[in-house]
1. Provide, as a two-decimal number, the C-alpha radius of gyration of the range B:179-283 over 2.2 N^0.38 Å, N being how many residues it has.
2. What is the pair-distance distribution P(r) of the range B:310-349, computed from all Cα-Cα distances in 5 Å bins starting at 0, with each bin given as a whole percent?
3. Collect residues whose amide H, placed 1.01 Å from N in the peptide plane, falls under 5 Å from the amide H of A:G106; neighbours closer than 5 in sequence don't count.
4. Hey, for B:G84 with labels 7 Å out along Cα-Cβ, what do the inter-copy distances come to in nm, ordered shortest first?
5. In a solvent-free Debye calculation with one equal scatterer on each Cα, what is log10 I(q)/I(0) for the range A:62-126 at q = 0.16, 0.24 Å⁻¹, listed in the order of the q values?
6. Work out how much length B:D53 to B:K263 would gain on full extension: take 0.36 nm times their residue separation and subtract the Cα-Cα distance, in nm to one decimal.
7. Suppose each label sits 7 Å from its Cα in the direction of the beta carbon; what would the B:D313-A:Q343 distance come out to in nanometres?
8. In the structure displayed, which of B:K176/B:K509; A:K50/A:K510; B:K223/B:K503; A:K405/A:K522; B:K232/B:K551 lie more than 24 Å apart, Cα to Cα?
Number of protein chains: 2
Amino acid sequence: MSPAVATNGFPITRREEFPSVLPSAGYSELQSYRLNHSPPLPSILKNSFKVVDGPPTSAAANPNEIANLFPNLYGQPSVSLVPGHSEVKGQSLKIGVVLSGGQAPGGHNVIAGIFDYLQERAKGSILYGFKGGPAGIMKCKYARLTTELIYLYRNQGGFHMICSGRDKIETPEQFKQAEETVKKLDLDGLVVIGGDDSNTNACLLAENFRSKNMKTQVIGCPKTIDGDLKCKEVPISFGFDTACKIYSETIGNVMTDARSTGKYYHFIRLMGRAASHITLECALQTHPNIALIGEEVAAKKLTMKNVTNYITDIICKRMELGFNYGVILLPEGLIDFIPEVKQLIAELNEILAHGIIDKAGMWKRKLRSQSQELFEFLPQAIQEQLLLERDPHGNVQVAKIETEKMLIEMVEAELDQRKQNGAYKGKFQAQPHFFGYEGRCGFPTNFDANYCYALGYATGALLRSGKTGLISSVGNLIAPVDEWTVGGTALTSLMDVERRHGKFKPVIKKAMVDLEGAPFMKFASLRDDWTLKNRYISPGPIQFVGPFANKINYTLTLELGA
Amino acid sequence: MSPAVATNGFPITRREEFPSVLPSAGYSELQSYRLNHSPPLPSILKNSFKVVDGPPTSAAANPNEIANLFPNLYGQPSVSLVPGHSEVKGQSLKIGVVLSGGQAPGGHNVIAGIFDYLQERAKGSILYGFKGGPAGIMKCKYARLTTELIYLYRNQGGFHMICSGRDKIETPEQFKQAEETVKKLDLDGLVVIGGDDSNTNACLLAENFRSKNMKTQVIGCPKTIDGDLKCKEVPISFGFDTACKIYSETIGNVMTDARSTGKYYHFIRLMGRAASHITLECALQTHPNIALIGEEVAAKKLTMKNVTNYITDIICKRMELGFNYGVILLPEGLIDFIPEVKQLIAELNEILAHGIIDKAGMWKRKLRSQSQELFEFLPQAIQEQLLLERDPHGNVQVAKIETEKMLIEMVEAELDQRKQNGAYKGKFQAQPHFFGYEGRCGFPTNFDANYCYALGYATGALLRSGKTGLISSVGNLIAPVDEWTVGGTALTSLMDVERRHGKFKPVIKKAMVDLEGAPFMKFASLRDDWTLKNRYISPGPIQFVGPFANKINYTLTLELGA
């Protein structure tokens, strides 16, 4: 038998080729082992393929405004890869890649996928990695990515190969800087790996380069653990699968602890500011007693008092059943979904910008009566946080509010009141948790590792076929990898506009939790049972080998109709 | 080929036997899969063996006092299992088992090990599980453990099969209640699964039963994730391996995040109040920039200011190297190790018991000057916590102090001062973490699953041979399971006395981190390199199959001289 060879042509014993690099780089056994995982490619990418155009596209909404904003790109077709021989010549390419925004497990594999495509199908190509996010493009800070370097990051978590950043390319000067960089490096293509904002930015860059007859094409890749960048053609953003599994492992452990100890309510805040997909997925994986979904809170126009009472009612009912413990999940962005909180914060920003906060509390008279009531209802620590913590623009920093602690205090106050009325007799002890950073940089699951590798490889194919302004799209994801479909979706077709400062601004609308969608419906059909009975499920640590190593998250499975 | 059969004689497809139980019990795929892991037994337990006595034993210290406290047990030999035929008759036994104190992964496997021993070697035996810890013994609350019930908890985390509790059997009335229970159930034996206190309690029960010529024998099992119950014969307590690996997975993820983002210092507090074994082990697994070991802090008599400066100096040096991020580990019990903090708290307890805290701060004059200085040095939030949070005895609740946040505030203040002096120019942003409950109830690693099963099986053998007052001891743990040694150690041989309220009280001394021991020496030899270079290692999630599924923690490996 000949030695095992990965789909990308490297022998899978590659580790031995770099013995001197590994010790100082500091790899655990599992990290080293994962270096040699060779993600399988969809069969379409393993053989000869060609890129075929679909019909012309429109926009997600407001097509006229999008057409005005993207005169060169608007209407261009999305594309699919189909078996066949492409007419593209075998020329080599110069490509740049950038990671934009927060980390998501799998980013390194996107880069590896691009790299391997270039090695295998466009020999002599060069791949540059821009350092520290879009700022690296603007400042022309980059590294040339080599076989040896790429190898050290295969199937590894984090973005530390080239790091990321949150800068945006927005002003005319910044666009100019980007132009200079891509000209200097003579780039045929630029790959932007990022979320909704970054992909919008990618489309603006594509439009800009095209409008100036520059050769540089721009392709986006869907990244965000929050899971709020998705559509029909892009069924999921990478990182969501891994992050939810890491959080669910930990939630499952806490559930087992809660059940064993029998005396704590665990309030667990999970990442996910704009949308509650993570909380929903973790609920489906673990069956908590309560999971608050921001989109539902907003749709029902719940108040803080409603939410507090909802939780408190369940705690009281559970006490009667003898359960003095429980597990409650909430999304990081919960309070952003509560209309009255938004209103209060807007009023506070106004007051703090123009007035002073007197100790006697006279300033509170400037609040509308509903806002004043809410303010008084909030725990003192939160009141102080609202008044003290400001961002550089003088705004209240909602992100800094520890929602899980706030809810604990409010539930505690409510329970104290009910105790006085004789309606509650238990002893309430709560533990706050925030699961955030732990999930963004874990080892990508096999799903994320394989999905990202396919996204990257597809990106290479899209660039080579001369396309620009597309987002790499890999579909049919609940089938075996072999059957995954591959293509590119016109970014303009995902766009809508928002009016800001009197101007139209293009945006890819965030995909919120759909209250009519299969994942939420599934949750809604089960949650009453979870509330009073303890249906906890402990998914355990992510496995890379063995019978469950390739299981896909519930959200994707349900959305794809399985 | 005949169907695969586990060492305990059950076919390993047992899952199929209980199809109706699983869905409502709520098992993830991995949970179900782990049900069928059949822990291998040491070869000594697989074949015929007999229990042989060693030489008479003494005590860890103060043998005369121990002899006085345990007149019936003192001096009895520890025992080993050796191949051979035992002379024990094949009679059936009635055994009770109790889980005592905080959860530790593997507890269910100890019970399964006892159960399987009884099934296989003492047919017709009965195993009772006392519910909710020692209170279950006193109140005679128990469940009879059956094949079907035990099956549902094999290799599962948590203590929820029978739950645990923190009560102690201390007063003459409580001992009387225990006597009544074991008489009522006609128990031949009682197994106490717990930490140092619980095993001391087990020995007192054994002495008490023996002194009254009762037949009930008592055997202890070493449980605690903190790793501070160990000695030559008991090289490790169960749960430590799993908990450290769970924490290290998470620390590794945070490290990758820190390195990718490049802007946060993560201060991670880890469980471990009395001893810092967990922090030390996690440091060896992950290579943080700083790990504070309580025992070293105490040995060097460091002050809060010393600790603050130590951290701040490193942050400043790292800034000069361009690293504006880092990862710092600290044990939950850190401040208990700082002599001046202990002194301050003692004085505060005294003042608060007898005086009032006036707003003007006149009360502070009652503090010694060093304590007053320290109090003023502490962040305001901590000052408030020290004055407000009391336990039922009116004492300051040191356990509630969020040490990681306290350190962040103190380092921040010190950096601000250095900024004013021009000695620091960076921007310090910190993220606090506490990894606690997440680690106590995870799925036991293969090591903990196998170790616990052997401990339980051995406990059955010790009971059947008529022994009492021993702690189940499984050794040679870095060899393959087949070669593990099995025996029982006289609990009195581990005892010392403490003088409390004018009386001698027996105690098993907690095993602290030995500053001359191999694990600390290894850490000390490496840490300078970790401080300024970034040698982060990410161990990743615990694997149950594959090449690294049986790796043992560093502490045990180094202590056993490998």
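Taken together, the values in this text are just the output of simple stated rules run on the coordinates, not laboratory data. Note that the structure is a prediction, hence the values are computed from the model and not measured. Ideal geometry is used to build each Cβ from the backbone, glycine not excepted, and the neighbour counts take in all protein chains shown.
1. Values: Rg = 20.2 Å, N = 105, 2.2 N^0.38 = 12.9 Å.
Here the answer is 1.57, to two decimals.
2. 5, 19, 18, 14, 12, 14, 11, 5, 2
3. Excluding prolines and chain starts, which carry no amide H, the hits are A:G158.
4. Ordered by increasing distance: 8.3 nm.
5. So the normalised log intensities are -0.90, -1.01.
6. Numbers: separation 210, 0.36 × 210 = 75.60 nm, distance 6.04 nm.
Stretched out fully, the B:D53 to B:K263 stretch lengthens by 69.6 nm.
7. 5.7
8. On the way: B:K176/B:K509 27 Å; A:K50/A:K510 31 Å; B:K223/B:K503 27 Å; A:K405/A:K522 29 Å; B:K232/B:K551 21 Å.
Where the Cα-Cα span goes over 24 Å, the pairs concerned are B:K176/B:K509; A:K50/A:K510; B:K223/B:K503; A:K405/A:K522.
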